[in-house]
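One structure below.
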Amino acid sequence: MSSVNSNNRAKRTSSSLSRFVQKHPRLGLGALLSGPILWLLVVYVGSLVLLVVSAFFGLDEFTGKATSELTLRNLDEVVTENAYQMLVLRSIGIASAVTLICFAFSMPVGFYISKLAKSWTKRGLVVAILLPLWAGYLVKAFALRAIFEPGSEFGTGGFLKNTIGWSPGFGYLAVIITLAYLWFPYMFLPIYAGFERLPESLIDASSDLGAGSIRTFFSVMMPILVPSIAAGSIFTFSLSLGDYITVKIVGGKSQMIGNIIERTLLAPNQPLAAAFTLWPISIMVVYLLVMARLGAFKNL
Amino acid sequence: MKFVKRNLTLACAGVLALAACGGGDSGSGSMDKLGDGEGAVNLVAWAGYVEDGSTDPAVDWVTGFEAETGCQVNVKIGNTSDEMVELMQSGEYDAVSASGDATLRLIAGGDVAPVNTDLIPNYADVFDDLKNKLWNSKDGVAYGVPHGRGANVLVYNTEAGAAPDSITDMFESDSPYAGKISVYDSPIYIADAAIYLMATQPDLGITNPYALDQKQFDAAIAALESQKSIVSQYWALYTDQQASLEAGSVTLGTSWQVIVNLATANGAKIAATKTKEGATGWSDTWMISSKAKHPNCAYMWLNHIISPQANAAVAEWFGEAPSNSKSCELTADKNHCTTYHAGETDYWSDVWYWTTPTAECLDGREVECVPYTEWVNAWNKLRA
Amino acid sequence: MQITRRSQLALRVATYAVLVFLYLPLVLIFILSFNNTNSLTWPPQGFSTRWWSTFLDVESAREALISSTRLALIAMTISVVLGSMLSFALQRFEFFGKNSLSFLAVLPIALPGIVTGVALRNTFVRFGLDLGFVSVIAGHTTFCIVVVHNNVVARLRRISPNLREASADLGANSLQTFRLITWPLVRSSVFAGAILAFALSFDEVVVTTFTAGAGFQTLPQWILNNFSRPNVLPYVTVVATIVMVISLPIAWLAQRLSDPPNDKLV
């Protein structure tokens, strides 16, 4: 008897609670948002703001600590110095090259798996492409180092040198290849999902209207896939732009923005390092706005 | 509108204030009494200074210390002096093995505390000419205990040609080693370029590679810029240079004896020497953080690492001269101290210990010298 | 769409070539874990199983593994809750600043890890907070929230609002609707997001490097630090192989869960 009563009581509490929430939707929204907002806005965005602000402080020359003197010196150095401008352009170039390579390979592979592969192999193939993501970033980077090691007449080289007799060695080419290798699944996944969501009817209509397969691919499928491509490119571009570990592992003498940020932070010169971070922040904000325009956010 | 504007201004001011505060902590005085160990000690050290058997099972002077004192040792390897300064500023570590180009910055920044040498019994046996020097003391107060000293060596591949002995092979474009040269990736390397200029461009008038006026500094940077084309590696992580030496992709470079030893053990055909024009070097000091969370364990570690046995072990492993005079009898190689010139003042006369360049010229000249922050900026631009 | 036999063949070859390239480095690691020496050069010099038989003795590896697992579990839990909350809020409601919030919600993974790491470190150091387990969790949770949110919101978008209306019409209150209708449809995406968040946190190294304090070491940090210690280096290949093998069923599971629910309901 009492269990039935407590059961009814529970039901009444839950239904009155839900009626309360339904009457005050804003409260429901507030409750839902409070946790994430606190985290994202206060902790994360707050930290970013603090970082940007810290770029405007000077540095005590001897101790390497930030002073309370406001200055534009750091910003000036980071923006006007020619060596740094080249560095930023180079980093953008590398990130773009990686994105293009990932895109170029994701399209045919995504198309094949989505449209041509037999259904029982589809899931296996997708998992096969995604599985290397789980192997770990560092392990893969070092594996590629073992592949690119150029060696010399005094010592053995790595995999490439010993199998095909040539290796690009450590440098920007190795960095681009390694980054493309690492981030390929991130570009593949949204593109594959995009292919899966392509309405068959559109493709049929296109061939009904007389378009050959190439024409259909470029005029019908690609435009629909643009949001997926844009979404995938956000990952490959951003992850490549700020990378510094791969550069250290396979890049030899090469340097990208991430390296100089790390190096400056460890100098120690925190304000100048913060000034350097303004570059990737601004680049990515612009990139995100452009990708949002292309519809990437509906597709992440 | 005014309400919003005022609050916005207040908020901005608040953010600025927050961002500005958190400056240097004033260093407290040294400890008076040694208490019980806190159970752990966090160290920042050069690679090879704190070995617990994981690099080579026979090389271990940490496990015994841990068993004896109960202080679990956690070590973070600093690849450059700059990294060490940054790590110590975070306040997360208890002690650091700082070279001369880090020590004065740490003292000035209040990141290290004076060391009460009465609490370190083994300090009595340290060579007198290492105590209370410019880089490890201030106004007669000791800020650390000497660890040992050494010179940066020139490592070369023995099969690549006749043994080199000149720093010019590192810089000139007709160097027989061009394209396979390895350079230490730190702004302090500019001093090596200055040593090169001392030998090849004496009319620049450089007397101390850490005291460079703008003209001398620009010349050094120019030498480094032209060196770029023959350099294949800028190393910070010592295993990078070790791996390249073993693979043979580097045949000449600035190095530490410990790297040469490790690579030779793995079969690399290399040898090391000191360049005849002089070399940079280091005289390292163990210092204690002013924010140390485990000060007692830190003191115990300092006492341990300069004890005759441990100091002999680390000096032999790393390839440097020990700081404890009693260590010379305890090294496995009886000639170790002679090889590393532990007592020889002549040898050290042209070794320029790493030290922080200041605007006030270190050689006493009246002109203005380039301070270290400019060294860092110039190095950054060079590497970009 | 008519694809010529030749094009079909070319596409199939391309796909399998990409797969071979993707797995080549991993196979290399596996082979090198049996290497007789302690370096990562190729070809391996001699065969030895000693790394496999002794890797459990390496204390630092064990501790790093435990630290990473703890960290990933906690980050996953917090981010599943917060990320799902965010998804529901953004999907169900219209409010001032919604677009900005959506944009902000992408930043943690859109901005390079070094920016996040440096920013968080700066904040912790300025406020005098200790860098340790908590600071790393803060860093990891930030991007894990985004991963969970992406998964859940994508699924929420595909669920027709008609279903909730129908449920309400039939007399269920909002809690019952959630429990009986929404949750079963959404839960697999929450699990998929959770698994991805775990994997991301487990593998992350950049933000961790900047936010971790002394004495705390995750597995990726252990790997990075042990490339400096030649005698522990070979164990890295062993650990890597093990992680890869264990990941296979988990990756499969994650992929299964990410598939949208039976199309009839959507």
Residues whose placed amide H lies under 5 Å from that of residue C:105, excluding near-sequence neighbours: none
Projected onto their principal axes, the Cα atoms of chain B stretch, largest extent first, over whole-Å spans of 73, 61, 41
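What shape does the protein assembly as shown take by its C-alpha gyration tensor, where a ≥ b ≥ c are the square roots of the eigenvalues and a/c under 1.5 counts as rounded, a/b above b/c as prolate, and the rest as oblate?
prolate
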Restricting to the protein assembly as shown, compute how many DSSP beta bridges are antiparallel as a %, nearest 5. 65 percent
With respect to the cross-link table entries B:138/B:326; B:276/B:334; A:161/B:76; B:76/B:326, which display a Cα-Cα separation exceeding 31 Å? A:161/B:76
Quick note, segment B:140-270: a/c under 1.5 would make it rounded; otherwise a/b > b/c is prolate and the rest oblate (a ≥ b ≥ c, C-alpha gyration tensor); here it is oblate
Once both label points are put 7 Å beyond Cα along the C-beta direction, the residue C:93-residue A:72 separation in nm becomes 4.2 nm
Quote the FRET efficiency, to the nearest 0.05, computed for residue C:158 versus residue C:13 with a Förster distance R0 of 25 Å and r equal to the Cβ-Cβ distance. 0.15
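Pick out the long, greasy-scoring helices in chain B: whole DSSP H runs spanning 18 Å or more along their own axis by Cα, mean Kyte-Doolittle at least -1.0.
Details: long enough: B:2-20 (27 Å, 1.11); B:214-227 (19 Å, -0.28).
Span-like helices, by this rule, are B:2-20, B:214-227.
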According to a simple spin-label model (label point 7 Å from Cα along Cα-to-Cβ), what is the distance in nm between residue A:34 and residue B:68? 5.7 nm
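Report the full-extension gain for the segment residue C:6 to residue C:31: residue separation times 0.36 nm, less the Cα-Cα distance, to one decimal in nm.
Full extension of this stretch gives 5.4 nm more.
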Write out the GluC sites (Glu not before Pro) in segment A:136-218 meeting two conditions: DSSP loop, and at most 13 other Cβ atoms within 10 Å of their Cβ. A:153
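Is the shape of chain C rounded, prolate or oblate, going by the alpha carbon gyration tensor and its root eigenvalues a ≥ b ≥ c, with a/c under 1.5 for rounded and a/b larger than b/c for prolate?
Oblate shape, in that a/c is at least 1.5 and b/c is the bigger or equal ratio.
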Over all directions, the average projected area of the alpha-carbon convex hull for segment A:73-298 comes to how many nm²? 16.1 nm²
Considering only the other residues whose Cβ falls under 15 Å of the Cβ of residue A:183, what net charge follows from Lys and Arg at +1 and Asp and Glu at -1? -2
Amide H of residue B:138: which non-local residues (sequence gap of 5 or more, or other chain) have their own amide H closer than 5 Å, using H built in the peptide plane? B:143
Return the long-range amide H neighbours of residue B:158 (sequence gap of 5 or more, or a different chain), with a cut-off of under 5 Å between placed amide H atoms. B:270, B:271
Run through the DSSP bridge list for chain B and note the antiparallel percent, rounded to the nearest 5. 60 percent
Computed E for residue C:252/residue A:12 - FRET, C-beta separation, R0 35 angstrom, nearest 0.05: 0.20
Here FRET efficiency (C-beta to C-beta, residue B:345 to residue B:173, R₀ 51 Å, nearest 0.05) is 0.90
For segment C:181-254 and segment C:142-165, what is the separation of their C-alpha centers, rounded to whole Å? 24 Å
Just to confirm my numbers, what's the Cα centroid distance between segment B:341-384 and segment B:57-136 in Å? 21 Å
Using alpha carbon centroids, what distance separates segment A:187-258 and segment B:161-199, in Å? 47 Å
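Bear in mind that the values in this text are calculations on the coordinates, not laboratory data. Model, not experiment: these values are computed from the prediction. Neighbour counts run over all protein chains shown; Cβ positions are idealised from the backbone, glycine included.
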